[in-house]
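The values are calculated or read from the model by the stated rules, or taken from the named source; none is laboratory data. Only a predicted model underlies this, so the values are computations on that prediction, with no experimental measurement involved. Side chains are part of the model used for accessible areas, which takes the heavy atoms of the whole protein and leaves out ligands, DNA and RNA. Shrake-Rupley method; radii C 1.70, N 1.55, O 1.52, S 1.80 Å.
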Amino acid sequence: MGMQLYTRAGDDGFTGLLGEGRVAKYTPQPEAYGTVDETNSCVGVARLSAEGVLDLMLARIQNDLFDLGADLCVPED
């Protein structure tokens with residue numbers, strides 16, 4: 001069996017944002033950054049077969065997706 005991680009916070013249907021913000025998991029914000037994260041993972045799989053310029057382009061895309069995901073985790077004012 002794999003390693004288990006416990007946060008002791010439970011799953012009350014909410015997720016934490018950067019800082020102290022919390023939003024419901026079904027709202028657009030966590031849906032958006034989750035989708036960006038999944039896309040970034042797919043780009044990483046594509047990079048396993050990429051070489052040269054294509055690998056560099058995909059690396060840049062991954063970096064941009066990572067930045068976008070981080071921006072989406074910030075609570076709205």
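Report relative contact order for the chain in percent, whole number only (criteria: Cα-Cα under 8 Å, sequence separation at least 6).
Computed over the chain, the figure is 37 percent.
Under 5 Å between amide hydrogens, which residues at least 5 positions from Phe14 or on another chain qualify, with H placed 1.01 Å from N in the peptide plane?
Residues meeting the criterion, in which the H sits 1.01 Å from N, are Lys25.
Report in % the part of the accessible area of the chain that belongs to carbon and sulfur, leaving out ligands and nucleic acids; probe 1.4 Å.
The value for the chain is 59 percent carbon and sulfur by accessible area.
When the chain is modelled as a GNM with alpha-carbon springs shorter than 10 Å, which of Asp67, Asp55, Asp12 fluctuates the most?
Of Asp67, Asp55, Asp12, the most mobile in the Gaussian network model is Asp12.
Pulled fully out, how much extra length does the chain show between Gln4 and Val23, if you take 0.36 nm times their separation in residues and subtract their Cα-Cα distance?
Once the chain is fully extended between Gln4 and Val23, it gains 4.4 nm.
Averaged over all directions, how much area does the convex hull of the C-alpha atoms of the chain cover when projected, in nm²?
Dividing the Cα hull surface by four gives the mean projection, 7.2 nm².
Would you calculate a helix-derived [θ] at 222 nm for the chain, using -39,500 (n - 2.57) for each DSSP H run of n ≥ 4 and dividing by the full residue count, to the nearest 500?
Rounded to the nearest 500, the figure is -18500 deg cm²/dmol.
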